[in-house]
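Below you'll find the structure, written out as structure tokens, and then a few comments.
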């Protein structure tokens, strides 16, 4: 046998081992990607639901105190239902045309809910979990009645 030639029996069975190793190397990031995208999708749906339902509660409430109480209750319920991080949820209201008090009769309100999705398995070491978070934002628009708040 020539000294530079290898025997075919030296590589017998290595294809299965290579397939398993390459499969695991490719499968682990793919599974992480699916889990991360699932978490982002869940938080996106939660933010969208919060914005939409808070806008509806504000528009259907008879006055400002009832609207504030109802919107707080709705937001608390959605945060619990979708597993949103309470500390990172930011709710803002804007009215068109701009008025002193928002919501106002006849105005169009824009409810914006913003939050951050922490990626799974990112350690809290040196604030990596905060820097690796994905921002998510949703908006909902609702027209207020012209007689809103009138007694």
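Restrict the check to region 68-80 and report whether at least one residue is within 16 Å of the chain's Cα centre (by Cα), farther than 22 Å from residue 110 by Cα and at pLDDT 85 or above. For region 68-80, residues within 16 Å of the chain's Cα centre (by Cα), farther than 22 Å from residue 110 by Cα and at pLDDT 85 or above: present.
Only one of the numbered conditions (1) at pLDDT 95 or above; (2) outside any helix (DSSP H, G or I); (3) within 12 Å of the chain's Cα centre (by Cα); (4) buried (at least 17 other Cβ atoms within 10 Å of the Cβ) is violated by residue 84, and that is (1). Could you identify the single residue in 55, 59, 49 that is in contact with a strand residue (DSSP E or B) (Cβ under 6 Å, 6 or more places away or on another chain), under 19 Å from residue 137 (Cβ atoms) and in a helix (DSSP H, G or I)? None of the other options fit; the residue is 55.
Of the residues 121, 126, only one is exposed (fewer than 13 other Cβ atoms within 10 Å of the Cβ), at positive phi and assigned to a loop (DSSP other than H, G, I, E, B); which? Don't jump to the end; show me each part of the working.
Details: 126 fails: assigned to a loop (DSSP other than H, G, I, E, B).
The conditions single out 121.
Looking at region 135-142, can you tell me whether even one residue there is within 23 Å of residue 41 (Cα to Cα) and without any contact (Cβ under 8 Å) to a residue 60 or more places away in the chain? Give the steps one after another, and end with the answer.
Initial filter on region 135-142 (within 23 Å of residue 41 (Cα to Cα)): 135-141.
Add one more test, that the residue is without any contact (Cβ under 8 Å) to a residue 60 or more places away in the chain, and what stays is 135.
Yes, some residue in region 135-142 is within 23 Å of residue 41 (Cα to Cα) and without any contact (Cβ under 8 Å) to a residue 60 or more places away in the chain.
Number of residues in region 65-77 that are touching a residue at least 24 places away in the same chain (Cβ under 8 Å) and more than 13 Å from residue 93 (Cα to Cα): the value is 2.
Filtering region 88-113 to residues that are in contact with a helix residue (DSSP H, G or I) (Cβ under 7 Å, 6 or more places away or on another chain) and in a strand (DSSP E or B) leaves 91, 109, 111, 112, 113. Of the residues making up region 88-106, those that are farther than 20 Å from residue 72 by Cβ and either surrounded by 12 or more Cβ atoms within 10 Å (Cβ to Cβ) or in contact with a strand residue (DSSP E or B) (Cβ under 7 Å, 6 or more places away or on another chain) (or both) are 96, 99, 105, 106.
Taking residue 40, is it surrounded by fewer than 12 Cβ atoms within 10 Å (Cβ to Cβ) and either in a helix (DSSP H, G or I) or in contact (Cβ under 8 Å) with a residue 24 or more places away in the chain (or both)? Write out each step before concluding.
Details: surrounded by fewer than 12 Cβ atoms within 10 Å (Cβ to Cβ): no; either in a helix (DSSP H, G or I) or in contact (Cβ under 8 Å) with a residue 24 or more places away in the chain (or both): yes.
Spelling it out, it is not the case that residue 40 is surrounded by fewer than 12 Cβ atoms within 10 Å (Cβ to Cβ) and either in a helix (DSSP H, G or I) or in contact (Cβ under 8 Å) with a residue 24 or more places away in the chain (or both).
The values are calculated or read from the model by the stated rules, or taken from the named source; none is laboratory data. Model, not experiment: these values are computed from the prediction. Cβ: placed from backbone, ideal geometry, glycine included. Neighbour counts: every protein chain shown.
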